[in-house]
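The structure appears below as structure tokens.
The values are calculated or read from the model by the stated rules, or taken from the named source; none is laboratory data. The shown structure was predicted, so the numbers you read here are calculated from the model rather than taken from an experiment. So basically every Cβ, Gly included, is an ideal-geometry build from the backbone, and we count neighbours across all protein chains shown. Each accessible area value is taken on the protein alone, full model and side chains, heavy atoms only, with ligands, DNA and RNA left out. Shrake-Rupley method; radii C 1.70, N 1.55, O 1.52, S 1.80 Å.
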Amino acid sequence: MLEGLLPQILVGLALVLLVIGVVAARRRRPSGRRGATRMKDLEAMERAGRTAVETPTRAERDKGEEEEGEAREQEGDKGEEEEGEAREQEAGPLPETAEAAAPPRPTLRDRLVKSRRFFAARLSEAFGGGVDEDTWEDLEAALIQADVGVETSTKIVARLQVAAKERGVSDAAELKGLLAEELIALFDSVELGRDRALAFAPEPPTVWLVVGVNGTGKTTTIGKLASDLSHRGKGVALAAADTFRAAADEQLQVWARRSSAQLVRHQPGADPGAVAFDAFRFARARGLDVLLIDTAGRLHTKTPLMDELSKIRRVVEKEGSVTEALLVLDATAGQNGLAQARKFTQAAGVTGVVLTKLDGSAKGGIALAIESELGLPIKLIGVGEGIDDLEPFDPKTFVDALLS
């Protein structure tokens, strides 16, 4: 009986195994599709230029390590700085260090080094062989070479001869001291009644008219005067009456800003008299103390231009008065400065001289000629390019600087 059932049992086992195999095959088939899809996706991403998982190269790994190291160092430095700042705050502010002392202002003697050396060399030649007739001739020649002028040099030597004879002076050193006395006396001659102080009007505004040829430092002198007045608490206005020279008003504007002064100007080529007139009214309306009038630089031989100076003065005097007419002279111009001074005095009524560029001249004797031959007081001297390098003229200090 078992033998009859055996074929049926084998057929059943075969069917069971067949079912198991089919089931197993179906379970494996989805996993394969997912893998294929994954591979296709990776291939597509690679073709698109991106990779889902990038494997860094050795260089990239090294760069990453360097960046991580730098980040750690920066964090460390930042922490140290914060700790240092915290310690400084706890310790309080550091004590202030003393400011470096400003260099001493050069003396007039230092400024006149060229003139002093010139005088020293010439006087050494004149006084080297003792005091005799040749001494006086040599001294007169030395003074003429220093731009003192023939007339003034002759006067000085004549007075010195008389004084030396009266005092019995025969030594060169004593004679040099006597020369210094005579020069100071010539500057401070009582009969001329010189007043070196700049004059102010009883009621503002005070008007100072500034004249001179081109290149003497006229506009610069105005700027320095304005700066000094402003530092003394004066209200200052500048009149740009030099309407002839290109950019003259712009140069004056720079000085106005530096000196805290107010500037009055017209269009280029305008009438200088109109500028001066409007500037005076401007200064008076605003209660300003001083009005400085800049004028066109001109040759003293040009009559029409010199007449223009007279016109400016007349226009201002219709409303007020010109308290000072200052002539700016270049010390290096020598005897030509005397001819300029004569003409400007006639046209503008010069009341005083500003002698500029003394620090660059080897012949400071022109100062003696101006005062002796023209009777004009030197009120100010320019001894440098700085805004403070304009000084009142003191005869004794000047002579000592030349002869010491």
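What the table below lists for this structure:
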| item | result |
| --- | --- |
| Unique residue being modelled with pLDDT of 85 or more, over 21 Å from F200 (Cα atoms), surrounded by fewer than 22 Cβ atoms within 10 Å (Cβ to Cβ) and not β-branched (V, I, T) when the list is E308, E385, E391, E373 | E308 |
| Residue satisfying all of: in segment 144-177; in contact with a Lys or Arg (Cβ under 8 Å, 6 or more places away or on another chain) and either open to solvent by less than 40 Å² (accessible area, probe 1.4 Å) or aliphatic (A, V, I, L, M) (or both); nearest to E371 (Cα to Cα) among these | D147 |
| Boolean, D147 is of a type in the set (D, E) and closer than 30 Å to P272 by Cα | no |
| Single unsatisfied condition, A201 versus (1) surrounded by fewer than 18 Cβ atoms within 10 Å (Cβ to Cβ); (2) modelled with pLDDT of 90 or more; (3) closer than 17 Å to L390 by Cα | (3) |
| Residue list for segment 235-267, restricted to those being more than 22 Å from the chain's Cα centre (by Cα) and of a type in the set (D, E) | D242 |
| Residue, farthest from A401 (Cα to Cα), within segment 322-347, restricted to residues that are open to solvent by less than 10 Å² (accessible area, probe 1.4 Å) and touching a Lys or Arg at 6+ places or on another chain (Cβ under 6 Å) | V328 |
| Check on L291, within 22 Å of T397 (Cβ to Cβ) and buried (at least 19 other Cβ atoms within 10 Å of the Cβ) | no |
| Set S260, S170, S189: member being of a type outside the set (D, E, K, R), out of contact with any Phe, Trp or Tyr (no Cβ under 6 Å at 6 or more places or on another chain) and at pLDDT 90 or above | S260 |
| Of all residues making up segment 311-321, the number that are polar (S, T, N, Q) and either open to solvent by less than 30 Å² (accessible area, probe 1.4 Å) or in contact with a Gly (Cβ under 8 Å, 6 or more places away or on another chain) (or both) | 0 |
| Count of segment 352-370 residues which are closer than 23 Å to A185 by Cβ and open to solvent by 30 Å² or more (accessible area, probe 1.4 Å) | 1 |
| Qualifying residue in segment 111-130 (condition: closer than 19 Å to S372 by Cβ, without any contact (Cβ under 8 Å) to a residue 60 or more places away in the chain and open to solvent by less than 40 Å² (accessible area, probe 1.4 Å)) | no |
| Pairs, first without any contact (Cβ under 8 Å) to a residue 40 or more places away in the chain in segment 158-182, second assigned to a helix (DSSP H, G or I) and among the aromatic types (F, W, Y), C-beta under 8 Å, six or more apart | L160/W136; Q161/W136 |
| Given (1) open to solvent by 20 Å² or more (accessible area, probe 1.4 Å); (2) modelled with pLDDT under 95; (3) in contact with a Pro (Cβ under 6 Å, 6 or more places away or on another chain), number of the condition G217 does not satisfy | (3) |
